[in-house]
Every structure is written in structure tokens, then in C-alpha cells.
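One structure is given here, and the rest of the page talks about it.
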Amino acid sequence: MNYKIIHKTEYSYTHPVNLCYNEARLTPRNYAYQHCRDSQFTVEPEPRVCRERQDFFGNTVYYFTIQQPHNQLTVTVTSRVDVRSGEMQLNFAEHLAWEDVRQQLQTDRDPETLEIRQYILNSPMIPAMSELHAYAEQSFTSGRPLLEAVEDLSTRLYTDFIYDPDFTTIATPLADVLKYRRGVCQDFAHLGIGCLRALGFAARYVSGYIETEPLPGKKPLSGADESHAWFSVYLPHLGWVDFDPTNNQMPADQHITVAWGRDYADVTPLKGVVFGSGTHELSVSVDCKRVF
């Protein structure tokens, strides 16, 4: 599938901001099943400094500063991306049992496995909790193939938790999401990762977009698409496999990957520091359209 994606973020300030420093992770990644043909990053007002780099995880990061008073900040990223489904056909019944995969992650000494182990450790937004282990182990019965167990875990997150955009914020502890069984895609991705890490598996957070389909006979709404999040689990010698617990599916060619890391803190789309006074209003819109 070929997509044109326009991600627009606007900050409006009640009083002028004199200086701001910002980082943006809004450029889709290139990897085996996705190619970002081009991406344009624009900022208004024009920044004094704007630099591009790759972070530790290989995500594209734009750093920019605005050093004159401004009442509004607009960041627009326009990207054209080609996405295809993974060629690897995953037959759950034929893969290693989860116990064998965990053993490989613990004992293998090849460079790839050693690097992957960082995704087993706790991360800033996903602490170790006994409740996560208890919830996860229901899906990991003895001898069950790993991907079959992860699929069951993802489905349980979909059925057991309520999508509620008014319940959580970025700062809501994962323990509250688990207790009250409510949250959004970011929370459900964190839950899946925390459950897998609690059992000794490598799991990472993926941010991006998902193409949304309008109701029959209706046109897509401008800006109706949103940033999305899901998680991946690592299989030795096969690589990463994605799961989307918010929609109870395995991402294919309708999911566009922007960044990945240990959790949301590693892939925050836009963050920064401003020097000024007053309050602000934030508006975010995403248009994700299929092109031919």
C-alpha cells in the first residue's frame, strides 16, 4: 500500500513564548516491509536551528529551536510511504514453545541476542509488577507456541480492557490502567510489553499510524486519523512480530511505523522546553490517505 501522511501539530500560547527547544520523532522509518519515499519537515515560525539525527534506536529525530517571541508553533510533517505485508507466513503451531524461546534469550551469546536483551529490562514507563506476571501467565500454558500465547494475550487485552480516551494521560501509572481496566492504545501497548517482559521475553513499543476506513457511503474526515501504538515481540532467528491489542489484530499493510523503543518515552512524537508564561492549547491532526 502507498500512503500520503500529513501530521500537523499546533500550539497556541496565551502569552508570547520567548525561547523553545524541541525534539520531534515524526518521520516514518525504513525497514524490511516499509519504505519512506520522502518526508518534509516544516516549522512555523522558522527555527533558528534545525538539525536531523538518528537516535539510539535508529529513529529519525529533528532537533529545533525558536529564539524569537511567538504566540503559535506549528509543526507539519508530510510523508509518502510504501508499506507491504510481511512475506514471512507465521504458522503459530510450528514455532518453538515459549519456554524454549525464553531459554534461548537467556543463554544465547550471539551479538543480536545480546543486543535484544535490553528489551527485557524495565523501562521508565513500564516497571516490573507482580500483577503483570499474574495476568500474562494465563496465556502461557505449558508447551504453548510463543506466538500463539502472545496472540491470546493480545486478544485478552482487547476484550478485558475498555478503550477510554478520557481516563488516562501520558502520566497515568500503568498500575492504574491495570487496576481500572481502561486506557488507550499507548496504555494497551505498555501492558502487552510489561506482561511479556515479566515472563522474560523481549518486547518493544512501536508508534505510528493506522489507516482508518470511513463508514459505507461516507468520505474520510480530514484529520480523523490519529497516531497509534502497538507492541512487538522478538523471536530468535525470525525477528520482531507485531501485535495490535487495541484492534485485536496483527499489523499488516494498514499500519505505518514511525518509531520504536522501550516505551513511549523513547518515541515521543514531539517534546520540548519553552520559556514564557501563561497557558497553551494543543491541536493535533493526522491525515493518512491511500494513494495509487
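The values are calculated or read from the model by the stated rules, or taken from the named source; none is laboratory data. Since the structure is predicted, the reported quantities are computational estimates derived from the model, not experimental observations. Cβ coordinates were reconstructed from backbone atoms using ideal geometry, including for glycine residues, and neighbour counts include every protein chain displayed. Surface areas here come from the heavy atoms of the whole protein model, side chains and all, with no ligands, DNA or RNA. Shrake-Rupley method; radii C 1.70, N 1.55, O 1.52, S 1.80 Å.
Could we say that Y13 is under 23 Å from F292 (Cβ atoms) and touching a Ser or Thr at 6+ places or on another chain (Cβ under 8 Å) here?
Considered against the rule, which asks whether it is under 23 Å from F292 (Cβ atoms) and touching a Ser or Thr at 6+ places or on another chain (Cβ under 8 Å), Y13 comes out as no.
Touching a Ser or Thr at 6+ places or on another chain (Cβ under 7 Å), modelled with pLDDT of 95 or more, farther than 18 Å from M1 by Cα and open to solvent by 10 Å² or more (accessible area, probe 1.4 Å) - does that describe any residue in the stretch 210-226? So that I can check it myself, show each step before the final result.
So in the stretch 210-226, the residues touching a Ser or Thr at 6+ places or on another chain (Cβ under 7 Å) come out as 223-225.
Imposing the further condition that a residue be modelled with pLDDT of 95 or more reduces the set to none.
No: zero hits.
What is the number of the single condition among (1) exposed (fewer than 14 other Cβ atoms within 10 Å of the Cβ); (2) among the charged types (D, E, K, R); (3) farther than 20 Å from S283 by Cα that R102 does not meet?
Every condition holds for R102 apart from (1).
What are the residues in the stretch 45-75 that are under 19 Å from the mean Cα position of the chain (by Cα) and of a type in the set (S, T, N, Q), if any?
Answer for the stretch 45-75, where residues must be under 19 Å from the mean Cα position of the chain (by Cα) and of a type in the set (S, T, N, Q): Q54, N59, T60.
Mind checking whether some residue in the stretch 176-193 is surrounded by fewer than 18 Cβ atoms within 10 Å (Cβ to Cβ), over 14 Å from I162 (Cα atoms) and either modelled with pLDDT of 95 or more or not charged (D, E, K, R) (or both)?
No, there is no match, as no residue in the stretch 176-193 is surrounded by fewer than 18 Cβ atoms within 10 Å (Cβ to Cβ), over 14 Å from I162 (Cα atoms) and either modelled with pLDDT of 95 or more or not charged (D, E, K, R) (or both).
Here's a check for you: in the stretch 247-283, which residue that is within 13 Å of Y11 (Cα to Cα) and in a loop (DSSP other than H, G, I, E, B) is most open to solvent (accessible area, probe 1.4 Å)?
Among those that are within 13 Å of Y11 (Cα to Cα) and in a loop (DSSP other than H, G, I, E, B), it is T279.
Consider S142 carefully, then state whether it is assigned to a loop (DSSP other than H, G, I, E, B) and over 23 Å from I256 (Cα atoms).
The answer is yes for S142.
Matching residues to (1) part of a strand (DSSP E or B); (2) out of contact with any Phe, Trp or Tyr (no Cβ under 7 Å at 6 or more places or on another chain); (3) under 15 Å from V284 (Cα atoms):
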residue	(1), (2), (3)
Y3	yes, yes, no
T9	yes, yes, yes
P16	yes, yes, no
L19	yes, no, no
N22	yes, no, no
S39	yes, yes, no
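Every residue, every condition in (1) over 20 Å from E151 (Cα atoms); (2) of a type outside the set (A, V, I, L, M, F, W, C); (3) assigned by TED's automatic domain parsing to the domain that holds A149; (4) not in a loop (DSSP other than H, G, I, E, B), yes or no:
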{"site": "E52", "(1), (2), (3), (4)": "yes, yes, no, yes"}
{"site": "N71", "(1), (2), (3), (4)": "yes, yes, no, yes"}
{"site": "R109", "(1), (2), (3), (4)": "yes, yes, yes, no"}
{"site": "I116", "(1), (2), (3), (4)": "yes, no, yes, yes"}
{"site": "L132", "(1), (2), (3), (4)": "no, no, yes, yes"}
{"site": "Y135", "(1), (2), (3), (4)": "no, yes, yes, yes"}
{"site": "Q138", "(1), (2), (3), (4)": "no, yes, yes, no"}
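Select from the stretch 154-181 the residues that are closer than 15 Å to I126 by Cβ and part of a helix (DSSP H, G or I) and list them in ascending order.
L157, L174, A175, D176, V177, L178
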